[in-house]
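Q: Here's a structure for you.
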Amino acid sequence: MINLSDIKDPSFLNDLSIKELEELSGEIRTFLIESLSKTGGHLSSNLGVVELTIALHKVFDSPKDKLIFDVGHQAYTHKILTGRAKDFDTLRMHKGLSGFLKRSESIHDIYEAGHSSTSIAAASGMELSKKFIGNGNKVIPIIGDGALTGGMAFEALNFLGGKVDHQPIIILNDNQMSISENIGFLSNILNDIRSKNSYRKLKSNAKKILPKFLRRFSSKVERGVKGFLTSNTIFNDLGFSYYGPINGHDMKELIKYLEIAKKTNRACVIHVLTEKGKGYKPSEKDTIGSWHGVGPFDIETGVQIAKKELNIHSWSEIIAHYMINYAKNNEKFAIVIPAMIGGSSLNRFKELHPNKIFDVGIAEQLAVTMSSGFAISGVDVFTPIYSTFIQRAYDQVNHDVARQNLKVVFGLDRSGIVGADGETHQGLFDIPLLRHIPNMTIVHPRNPVEAFKLLNYAFKVNTGPLAIRYERGNEYFDFSDGITNEAFDKPEWEIINKGKEVVFLSFGSMLERVKAEVLKQKLDVCIVDAKFIKPLDKDIISYISDLDVPIVIYEESSLLGGFGSAVLEHLVINKMDTSKITLMGIKDEFIEQGSKDLVLKELNLDLTSIIKKIKEVI
Ligand SMILES: Cc1ncc(C[n+]2csc(CCOP(=O)(O)OP(=O)(O)O)c2C)c(N)n1
């Protein structure tokens, strides 16, 4: 029995037998289940790669050999083996252990991610760098079958394939799941390889039929035999040596084939079959991704501890509720979504309208351009993409959708501070990213009814592209109240509280909280809801400017090129007074993980800081 907290680095694995390594796998699984039941985290992906990660650290010499985990959400065993078990009680918390790889955390964290499908591309650069830095160590991207659906992974395979002077060892961690079931033809191809599964049987037969004198060269022969037996996969066609499929929970087999790959002098793909969620019944059975990322849960019952309160729903659920209704009443309607049906709360939509939702895999660019195809054909289309992931599809939004002024409605989920996922997932850049694109409308509701009216505007009134932002967080809404048919008839802001001493100009749910506090404290504040972030409401800007009082502009978003900048641009261009403006928002920095409340407080962007600022400028 190894005390996981005593592990300093992976070198101790060298002295362990296969049996001891298997025992270690069991211990790590138990640790992960117990620890994540308290903190939450990416459970299933990590339970699936315990043996694989141990085998990788046993065979390769990290950090000289470079393990590059795609996305990085499945690297918990790697964290344990590199001396971080003791920090797991702070996993994904403010100033705690990151849920992804973090170069500042460990010399073994070679490359950071959070967004998917980058590992083979990064590995390509590291391979080519060897020419300049004279380093002969191995570069080992570890990519899931889900992440392999991302365009950049294909582009990198295309680039690397057949290059004889480069030897990255690509580990394909195939659990047949992205967050939920994997999709697409590549997934069929992998299934096909898996189901033929002839390789191992043939291999053992081949061994038997080998003459005795050849058997002692078995490893070399095996390579030849395997090369022959498995030369017809897509990876061979792309110019890689292919090994597999290998049982990702069989330590002996894993080590054997990783050793073989280590000695090859060609770029190779090792196809490892793993079971997502292995070792914990509820996560093993999961097909819709409920155990991909979890909050704290009860180990015995498998029930997640966060209580669902009556009529309190996440923003994703509220938007999904609207979409179910819209699909019911509109024949020509499609949702195009890149791999986030669960996260976007669209499982119910999929059950009710399976023919109206298209999961394209982890392929944001495809989702956006495909949506332009729907729009140009006269089909209403909703394209939900987390704010952070729309970064992947800037040119598609600009060139394919907005330039042709097509009516695609983008749902920018998780706009603003996102909490535990941290730096890579913050929704802080979509306003600067989209604001300068002609034809683009950007909206952000402050409550569910406003959201419905904005969506009615998006589908029924507006004729071009529109992005509706919504937050990570919950709102009160009684679904039995139905969905209003009312739509805004033009882009207008709204004064939601009259006042004369100071103006508070913002958008989103913070407005409701500021209003409640202003009323409570009897402050004389004019509160303006800029639900249309673009276009600006020039009349209201003139009105508040004429009040000649301080104006506080607040956004839970990057200040650089953000909403406040837009207002300032307008004032400057129109030679209006800018001297009374105060901007509150995210400065020129990446924001770390932590609960939303805590992070906002630290940034002086929480409710208390807003009220303080309002009082300060009066
Ligand atoms: C660009 C991008 N889009 C979406 C996501 C959300 N996401 C995180 S993990 C994941 C599934 C990854 O599946 P796979 O690579 O097979 O890994 P597994 O969790 O199954 O081990 C998705 C879609 C992301 N991280 N990056």
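The values are calculated or read from the model by the stated rules, or taken from the named source; none is laboratory data. Predicted model, so just to flag it, every value in this text is computed and none were measured. All Cβ positions, even for glycine, are placed from backbone atoms using ideal geometry, and neighbour counts span all protein chains on display. In case anyone asks, the SASA skips ligands and DNA or RNA and just uses the protein heavy atoms, side chains included. Shrake-Rupley method; radii C 1.70, N 1.55, O 1.52, S 1.80 Å.
Q: Among PHE88, LEU56, ALA153, whose Cα lies farthest out toward the positive end of the dipole of segment 8-284, if unit charges sit on the beta carbon of Lys, Arg (+1) and Asp, Glu (-1)?
A: Projecting each Cα onto the dipole axis, the largest value belongs to LEU56.
Q: Calculate for the chain the 222 nm mean residue ellipticity that helices alone would give, adding -39,500 (n - 2.57) per DSSP H run of length 4 or more and normalising by residue count, nearest 500 deg cm²/dmol. Please list the in-between numbers first.
A: Values: 24 runs with 231 residues, N = 618.
The helix-only estimate for the chain comes to -11000 deg cm²/dmol at 222 nm.
Q: When the dipole is taken about the Cα centre of the chain, and only Lys, Arg (+1) and Asp, Glu (-1) are charged at their Cβ, what size is it in debye, to the nearest 20? Spell out each step's value before the answer.
A: On the way: 75 positive and 76 negative charges, 487 e Å.
Here the size comes out at about 2340 debye.
Q: Report relative contact order for the chain in percent, whole number only (criteria: Cα-Cα under 8 Å, sequence separation at least 6).
A: On the way: 1210 pairs, mean separation 71.9, N = 618.
Reported relative contact order: 12 percent.
Q: With +1 on each Lys and Arg Cβ and -1 on each Asp and Glu Cβ, how big is the dipole of segment 312-481 about its Cα centre, in debye rounded to the nearest 20?
A: Working: 15 positive and 17 negative charges, 84 e Å.
Dipole magnitude for segment 312-481 comes out near 400 debye.
Q: Give the relative contact order (percent, whole number) for segment 312-481; include only Cα pairs under 8 Å separated by 6+ residues. Before the final figure, lay out the partial values.
A: Working: 325 pairs, mean separation 43.1, N = 170.
With pairs under 8 Å counted, the relative contact order is 25 percent.
Q: So, for the chain, what is the accessible surface per residue at a probe of 1.4 Å, expressed in square angstrom? The partial results should precede the final answer.
A: On the way: 25860 Å² over 618 residues.
Dividing the accessible area of the chain by its residue count gives 42 Å².
Q: Now for a separate question. Using just the Cα positions, wrap the chain in a convex hull and report its mean projected area in square nanometres, one decimal place. Show your work: numbers first, answer last.
A: On the way: hull surface 121.5 nm².
Spelled out: convex hull of the Cα atoms, projected over all directions, averaged, 30.4 nm².
Q: Here is a follow-up. Could you name the aspartates and glutamates whose alpha carbon sits less than 15 Å from that of LYS66, not counting residues in the same chain fewer than 8 places away?
A: Answer for LYS66, where 15 Å is the Cα cut-off: ASP9, ASP109, GLU112, GLU127, listed by chain and number.
Q: From the C-alpha gyration tensor of segment 1-101, pull out the three semi-axes of the equivalent ellipsoid (sqrt of 5λ each), sorted largest to smallest, in whole Å. Walk me through the numbers before you get to the answer.
A: Numbers: eigenvalues 83, 46, 31 Å².
After diagonalising the Cα gyration tensor, the semi-axes are 20, 15, 12 Å.
Q: Now a separate question. Could you give the distance between the Cα centres of segment 378-418 and segment 158-172, to the whole Å?
A: 33 Å
Q: Determine the relative contact order of segment 8-284: mean sequence separation of Cα pairs under 8 Å and six or more apart, normalised by residue count, in whole percent.
A: Once normalised by length, the contact order is 22 percent.
Q: Here's a follow-up. Over 20 Å between Cα atoms: which of LYS500/LYS580; LYS515/LYS613; LYS64/LYS163 fall into that group? Working shown, then result.
A: Numbers: LYS500/LYS580 14 Å; LYS515/LYS613 14 Å; LYS64/LYS163 22 Å.
LYS64/LYS163, as the Cα separations exceed 20 Å there.
Q: Are there GluC sites (Glu not before Pro) in segment 498-584 that DSSP marks as loop and that have at most 11 other Cβ atoms within 10 Å, and which are they? It would help to have the intermediate numbers written out before the result.
A: Working: sites: GLU501, GLU512, GLU517, GLU555, GLU556, GLU569; in loops: GLU501.
Qualifying residues, ordered by number: none.
Q: With point charges of +1 on the Cβ of Lys and Arg and -1 on the Cβ of Asp and Glu, referenced to the Cα centre of the chain, which listed residue (TRP493, LEU16, GLN176) lies farthest in the positive direction of the dipole?
A: Positive-end residue among those listed: LEU16.
Q: Considering only Cα-Cα distances, which of the following residue pairs are longer than 20 Å: LYS460/LYS498; LYS460/LYS531; LYS86/LYS252; LYS38/LYS102?
A: On the way: LYS460/LYS498 31 Å; LYS460/LYS531 17 Å; LYS86/LYS252 28 Å; LYS38/LYS102 22 Å.
Check vs 20 Å cut-off fails for LYS460/LYS498; LYS86/LYS252; LYS38/LYS102.
Q: Related question: Based on Cβ point charges of +1 for Lys and Arg and -1 for Asp and Glu, what charge dipole magnitude is obtained for segment 473-570 about its Cα centre, in debye rounded to the nearest 20?
A: Values: 10 positive and 19 negative charges, 49 e Å.
In debye, rounded to 20, segment 473-570 gives about 240.
Q: I've got another one for you. For the chain, what proportion of DSSP beta bridges, expressed in % and rounded to the nearest 5, is antiparallel? Numbers along the way, then the final one.
A: Details: 13 of 64 bridges.
Of all bridge pairs located within the chain, approximately 20 percent are antiparallel.
Q: So, in Å, what gap is there between the alpha-carbon centers of segment 14-54 and segment 467-500?
A: Using only Cα atoms to place each centre, the spacing works out to 46 Å.
Q: If you roll a 1.4 angstrom probe over the protein chains with everything in place, what fraction of the accessible area of the chain belongs to carbon and sulfur, to the nearest %? Display every interim value, and only then the final one.
A: Working: 13690 of 25860 Å².
So the carbon and sulfur contribution to the accessible surface is 53 percent.
Q: Go through SER44, PHE479, PRO535 and say which Cα lies farthest out towards the positive end of the charge dipole of the chain; charges sit on Cβ, +1 for Lys and Arg, -1 for Asp and Glu.
A: SER44
Q: Counting only residues 5 or more places away or on other chains, whose amide H sits under 5 Å from the amide H of MET584 once H atoms are built in the peptide plane?
A: Counting only residues 5 or more places away or on other chains, the set is ILE553, TYR554, GLU555.
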